[in-house]
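Heads up, the thing below is written out as structure tokens.
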Amino acid sequence: MEIKIQSYHTSNLPSEFTTENYRVVLWKGSGVFSVDDINYSYSGHNILFLSPYQKLKLVSESDENIDVLFFHGDYYCIEYHKEEVACNGLLFNNIYLNPGVELSEGNYHYILELFNHIKKEESEKHQFSESIIKTYIQLILAIGSKQKSSIENSRFSHDKLPNKNAAEFQKLLEVHFKNEKELSFYSDRLSITNNTLSKAVKKEFAKTPTQLINERIILESKKLLHLTYRSVKEIASELGFTDEFYFSRYFKKSVGCSPKKYREQVGISVVAKMSM
């Protein structure tokens, strides 16, 4: 399956909803959803952007329709199209931001209409359908990116400044995550206790420092598996694992499949193929 739109009710959404595809989930209502076991509350008109093998659970206060756009990275590569739509690191693959976006009612209905256009093109499969569908996907991602950027900019304009310790932890993590996987390294560098750092990070990002360390390692693992031809052994070494098999167990525990299976299912990006 390279592209598909599937409709569900919140009551019959699979309890462990994970696939090798990118997913754009569109729904309205209120309740709680979780991505990779991190809970987020939602209300209003919502859109959610999920990368391959991210786990989704959703608990709604009412039984609402959910429309899900599935597309494989071989069909539409978000890294290849990053110049046209700045969604990689904003909508997808950002461990610090809520993966969902609350849409305006107008944008919700517009994207729902684009979903219907994609269904029509996918069913007709005429000569230009693939190009048209990719244009629709690009438009959906562009609307999502614009709305999320607006929300993030507004948050930083009106809210208090981010917690200094949490912000400094984020900077340190981006530099040291490959070699420093212990909480104490980061708290020592900031000259605070583990407990103080944990409280600051949890309040800012709704995740513990340990969760963010693990997620950052897994995010980089997925990136290297998808965007390069490096072997699993080379990737393990780059990420500071002395044992390839320990890395594979670590990855499988978080993702639900081995690095080898992840690469087989998600594929190697056209970006990697172009750089050979």
Within the stretch 225-240, how many residues turn out to be in contact with an Asp or Glu (Cβ under 7 Å, 6 or more places away or on another chain) and either in a helix (DSSP H, G or I) or in the same structural domain as TYR96 (by TED's automatic domain parsing) (or both)?
4
Considering every residue within the stretch 57-64, establish whether at least one is over 25 Å from ASN214 (Cβ atoms) and crowded, with 16+ Cβ neighbours inside 10 Å.
yes
Restricted to the stretch 148-180 and to residues being acidic (Asp, Glu) and either surrounded by 10 or more Cβ atoms within 10 Å (Cβ to Cβ) or modelled with pLDDT of 85 or more (or both), the residue farthest from LEU48 (Cα to Cα) is GLU180
Write out, first by first residue and then by second, each pair whose Cβ atoms fall under 7 Å of each other, whose residues are 6+ apart or on separate chains, and whose first residue, in the stretch 54-77, is within 11 Å of TRP27 (Cβ to Cβ) while the second is of a type in the set (D, E, K, R) and modelled with pLDDT of 90 or more.
GLU64/LYS28; VAL68/ARG23
Only one of ASN46, ASN88, ASN94 that is without any contact (Cβ under 8 Å) to a residue 12 or more places away in the chain and surrounded by 19 or more Cβ atoms within 10 Å (Cβ to Cβ)
ASN88
If you go through SER184, SER191, the only one that is loosely packed, with under 15 Cβ neighbours inside 10 Å, at pLDDT 95 or above, in the same structural domain as GLU168 (by TED's automatic domain parsing) and in a loop (DSSP other than H, G, I, E, B) is SER191
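The values are calculated or read from the model by the stated rules, or taken from the named source; none is laboratory data. Computed from a predicted model, the values in this text were never measured in an experiment. Ideal geometry is used to build each Cβ from the backbone, glycine not excepted, and the neighbour counts take in all protein chains shown.
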